[in-house]
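For reference, the structure is listed below as structure tokens.
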Amino acid sequence: MSQTPIKLRHLPHLRTRRLAQLGGLIRPGAHSSPLVALGKRFVADPPGFPTMLITHEMNDVREVFTNNEDFSIGQLMARLSSHDMVFGKETLIFLEGDDHRRERKLYSPPFQNKALKSYEELMIEVVERELPKWPVGEPIEFLTVGYDLAIGVLLGVVFGDVAPSRRGRLENAVSAWFHEIESRGFLAVTLATPFLGGFTPPYPPLGRAQAKVDEVIIEEITARRAAGEDGADRKDVLARYINTDLDQHDDAGLARSMRGILLGAYETTAITLGWIATMLAAHPEAMAELDAAIESGDEARLDAYLDAVVAETMRLRPVSPFTGRIAVRDTVINGVEIPEGTIVIVPILLIHESEEIYPDPLAFRPERFLDRKPDGHNWLTFGAGPHRCLGAQFALAEARILFRAIIEKRRIDPIPGPMEPARKYHTGLSPAYNARITLRHR
Ligand code: HEM
């Protein structure tokens with residue numbers, strides 16, 4: 001006999017005066033938040049927002065991630081932020097069910113293992129181009145380095161060799177667009193959205209900046225078609241999309257999707273690179289392992305330890321410390337009744353700091369991931385389920401390849417004392433002092 005589902009009103013409720021404490025769940029040290037005492041699930045009702053269920057009960061988490069019939073990530077983003085305006089409502093994250101499955105199949109191949117090998121050379125070239133610009137023997141902000149590496153790799157991987165007449169315009173248009181997204185004006189619009197029931201007020205400067213990016217991308221698509229390129233000898237993402245079933249989309253739609261990929265990949269990658277450098281500076285024993293692997297000349301050992309460093313950094317400093325879904329109809333997860341419109345928040349960082357899952361959870365210990373890959377059920381930096389990050393494999397490989405190329409030429413000096421703290425950056429976590437480290441010649 002099945003049990004009657006538990007109603008939200010029977011779960012612990014967070015009092016309004018304690019709402020500010022929610023922020024503690026998405027900062028390092030989340031496990032010591034007083035909210036942990038409320039149990040693995042509790043309900044919050046922030047004024048002006050839909051009811052929220054915050055759960056780190058792993059069976060709830062699994063069900064919410066896998067059920068994209070009753071839950072939507074896109075509608076959540078549209079309700080709480082301006083994502084729909086930035087990405088376009090027809091892009092992957094806003095689709096569900098069959099539409100999502102079909103599109104995801106079309107967009108995935110360039111970001112899967114088979115294709116990744118072909119980007120390695122380009123990634124190493126980007127490091128070789130940027131590395132001479134980084135001062136040696138004095139503190140630098142590695143976050144800036146991370147941004148330069150991330151955009152260099154992205155433009156190369158996504159667009160490949162663009163005609164020189166368009167390359168400069170593309171770079172300028174993308175940079176102006178990123179600038180607009182970061183502007184105070186657009187931030188105000190984004191912050192207002194949840195209080196306006198999910199309505200994002202018009203913000204024409206962003207629309208103009210986006211149109212300029214799309215214009216250059218559409219020009220590039222048109223030129224490639226006119227030149228009769230079949231894409232066979234090009235390895236960039238755009239070439240892989242042209243002349244596939246994605247051709248059924250109009251060029252404007254394809255351009256918007258390309259733009260969405262740039263945005264989804266840029267900041268997340270840059271900040272992650274910043275955190276990896278910060279972690280290595282704060283943990284000389286991990287840097288020493290890498291030094292020993294380099295000196296041994298054993299490439300497999302070096303790559304394995306680097307992969308472990310990347311996984312452990314992303315566990316302790318996931319760029320998105322939480323994710324979530326909104327219920328699009330009344331449903332039940334793991335015996336809890338979820339009315340339509342309820343937001344379910346998955347506190348990724350809190351799960352990553354669970355003693356039950358990761359013994360001595362706050363210790364930076366790459367060795368955890370030396371003999372076993374991160375378990376997709378409880379290592380959630382890229383989310384999980386049908387909407388798991390499209391670029392996860394790509395981002396992991398990229399971090400390893402870039403850092404291998406860097407540390408083969410440079411050492412990262414240890415920084416004594418407490419590690420650089422995190423600051424809130426949009427909904428994410430970024431190194432508070434922009435990842436200050438010192439590099440030395442090897
Ligand atoms: C360290 C780097 C990255 C991090 C931490 C990250 C994180 C995330 C997260 C948390 C989600 C939501 C997943 C969920 O809630 O289940 C997501 C979705 C997504 N990410 Fe990433 N991401 C990264 C890099 C990239 C890259 C390189 C790309 C380029 C392809 C990308 C493209 C996407 C797309 C298209 C989605 C939506 C997928 C869908 O709805 O099916 N991301 N990412």
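The values are calculated or read from the model by the stated rules, or taken from the named source; none is laboratory data. Nothing here was measured: the structure is a model prediction, and the numbers come from that model. Backbone-built Cβ (ideal geometry, glycine too); neighbour counts: all protein chains shown.
The selection criterion, being β-branched (Val, Ile, Thr), in a helix (DSSP H, G or I) and farther than 30 Å from Phe49 by Cα, does not hold for Thr190.
Scan the stretch 250-271 for residues that are in contact with a helix residue (DSSP H, G or I) (Cβ under 6 Å, 6 or more places away or on another chain) and of a type in the set (Ser, Thr, Tyr) and jot them down. Across the stretch 250-271, the qualifying residues are Tyr266, Thr269. Of all residue pairs spaced 6 or more apart or on separate chains, those with beta-carbon atoms under 8 Å, a first member in the stretch 95-124 that is among the polar types (S, T, N, Q) and a second member that is in a helix (DSSP H, G or I) and within 13 Å of the ligand (Cβ to nearest atom) are Gln112/Gln393; Asn113/Gln393.
The listed residues are Lys235, Lys212, and the only one of them that is within 28 Å of Leu273 (Cβ to Cβ) and assigned to a loop (DSSP other than H, G, I, E, B) turns out to be Lys235. Checked against (1) assigned to a loop (DSSP other than H, G, I, E, B); (2) surrounded by 16 or more Cβ atoms within 10 Å (Cβ to Cβ), Lys89 passes all but condition (2).
Take the residues in the stretch 112-165 that are outside any helix (DSSP H, G or I) and among the hydrophobic types (A, V, I, L, M, F, W, C), then tell me which one is modelled with the lowest pLDDT. I'd like the intermediate steps shown before the answer.
Filtering the stretch 112-165 down to residues outside any helix (DSSP H, G or I) leaves 112, 134-141, 160-163.
Now narrow it down to the ones that are among the hydrophobic types (A, V, I, L, M, F, W, C): 134, 136, 140, 162-163.
On the way: Trp134: 98, Val136: 97, Ile140: 96, Val162: 90, Ala163: 85.
Checking each candidate, the answer is Ala163.
Of all residues in the stretch 144-157, those satisfying the criterion of being more than 11 Å from Ala265 (Cα to Cα) and either among the β-branched types (Val, Ile, Thr) or buried (at least 22 other Cβ atoms within 10 Å of the Cβ) (or both) are Thr144, Val145, Gly146, Leu149, Val157. Of the strands (runs of 3 or more DSSP E) lying entirely inside the stretch 329-428, those containing at least 2 residues that are touching a residue at least 24 places away in the same chain (Cβ under 8 Å) and within 16 Å of the ligand (Cβ to nearest atom) are 343-346, 422-425. Only residues that are surrounded by fewer than 18 Cβ atoms within 10 Å (Cβ to Cβ) and free of Cβ contacts under 8 Å to residues at least 24 places away in the same chain were counted across the stretch 41-77, and they come to 0.
Restricting the search to the stretch 349-366, which residues are surrounded by fewer than 13 Cβ atoms within 10 Å (Cβ to Cβ) and farther than 21 Å from Ile271 by Cα? I'd like the intermediate steps shown before the answer.
To start, the set of residues in the stretch 349-366 that are surrounded by fewer than 13 Cβ atoms within 10 Å (Cβ to Cβ) comprises 355-356, 359-360, 363.
Residues satisfying the conditions are Glu355, Glu356, Pro359, Asp360.
Go through the stretch 285-328 residue by residue and tally those that are more than 30 Å from Thr66 (Cα to Cα), part of a helix (DSSP H, G or I) and among the charged types (D, E, K, R). The total comes to 7.
Taking the listed residues Val43, Val61, Val36, the one that is away from the ligand (no atom under 16 Å from the Cβ), of a type outside the set (Lys, Arg) and in a helix (DSSP H, G or I) is Val36, with no other qualifying.
Residue under question is Leu122, and the condition is that it be farther than 17 Å from Leu263 by Cβ and not β-branched (Val, Ile, Thr); does it hold?
Numbers: farther than 17 Å from Leu263 by Cβ: yes; not β-branched (Val, Ile, Thr): yes.
Yes, satisfied.
If we scan the stretch 85-107, do we find a residue that is under 19 Å from the mean Cα position of the chain (by Cα), more than 30 Å from Met52 (Cα to Cα) and within 14 Å of the ligand (Cβ to nearest atom)? The answer is yes; a qualifying residue exists. The residue that is farthest from the ligand (Cβ to nearest atom), counting only those in the stretch 240-284 that are outside any helix (DSSP H, G or I) and touching a residue at least 24 places away in the same chain (Cβ under 8 Å), is His283.
With the structure loaded, tell me whether Ile276 is surrounded by fewer than 22 Cβ atoms within 10 Å (Cβ to Cβ) and either in contact with a strand residue (DSSP E or B) (Cβ under 8 Å, 6 or more places away or on another chain) or among the aliphatic types (A, V, I, L, M) (or both) or whether it fails that test.
Numbers: surrounded by fewer than 22 Cβ atoms within 10 Å (Cβ to Cβ): no; either in contact with a strand residue (DSSP E or B) (Cβ under 8 Å, 6 or more places away or on another chain) or among the aliphatic types (A, V, I, L, M) (or both): yes.
No: the conditions fail for Ile276.
Just one residue in the set Leu191, Leu206, Leu196 is within 24 Å of Ala265 (Cα to Cα) and surrounded by fewer than 14 Cβ atoms within 10 Å (Cβ to Cβ); that residue is Leu191.
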